[in-house]
Amino acid sequence: MTEESPDYTAIAEAIEHLGGQQEPAEVHGTLTGLLCANGQAPAELWLQHLFPNIRQDDLLAAEAVTTLKRLHEATRQQLSDPTCEFRLLLPTDDASLDARVHALGEWCQGFLAGLALGGIKDFRPLPDDAREIVEDIVEIARADSSYTFTGNEEDENAYAELVEYLRVGVLLVNEEIQPVQAPPVLDPTVH
């Protein structure tokens, strides 16, 4: 059974309790990049990178860490799920398009930081498809957030297509960096 992922608001509260300044999208992007680079990376590595001064005697901090560890486990499971259930942690559609686009840029910045944390600092050796997607993520992370959106259907569709491109792209990057090992094929002639 797949761990249920905490929602955007729960992650925002956890970050606040830990004294962090990051947005939930950036935190999830960092986690996703780290897990794409190293699927076995423990939650502690990610948490120590983001929140180096976690107080062990703080009950709210302990609860926040538990929430973030749930996000770690859910994301790890989603990335390896054969049904491709992985989702970027972004604000809901109730948020303004400007806010969602900004969060998407933050998610991309976090993803790149996570890859680096996981040991991938040079994208050139990556397989071609993965390298192209990571280069696109670099461009999205660099995109100027001064665009004005009208919030019309065309803008909404473009945003939805970009999110889907990133979702599928991240799954491809994960698969190319860490191929899922298929179960061994049994020889039907052996009895």
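The values are calculated or read from the model by the stated rules, or taken from the named source; none is laboratory data. In this text, all values refer to a predicted model and were calculated from it rather than measured experimentally. With ideal geometry, Cβ positions are generated from the backbone for all residues, glycine too; neighbour counts draw on all protein chains shown.
Take the conditions (1) at pLDDT 90 or above; (2) more than 27 Å from GLU44 (Cα to Cα); (3) part of a helix (DSSP H, G or I); THR92 misses just one of them, which is (3). Filtering the range 30-43 to residues that are among the polar types (S, T, N, Q) and in a helix (DSSP H, G or I) leaves THR30, THR32.
Of all residues in the range 36-51, those that are over 14 Å from ARG76 (Cα atoms) have Cβ atoms under 7 Å from Cβ atoms of residues that are polar (S, T, N, Q), 6 or more apart or on another chain, in LEU50/GLN22; LEU50/THR30.
Restricting the range 44-66 to residues that are buried (at least 18 other Cβ atoms within 10 Å of the Cβ) and assigned to a helix (DSSP H, G or I), which is nearest to the chain's Cα centre (by Cα)? The qualifying residue nearest to the chain's Cα centre (by Cα) is TRP46. Only one entry of ARG131, ARG124, ARG142 meets the criterion of being charged (D, E, K, R) and surrounded by 12 or more Cβ atoms within 10 Å (Cβ to Cβ), and that entry is ARG131. With respect to (1) in a helix (DSSP H, G or I); (2) within 22 Å of VAL101 (Cα to Cα); (3) in contact with a Gly (Cβ under 8 Å, 6 or more places away or on another chain); (4) not charged (D, E, K, R), the lone exception for ILE15 is condition (3).
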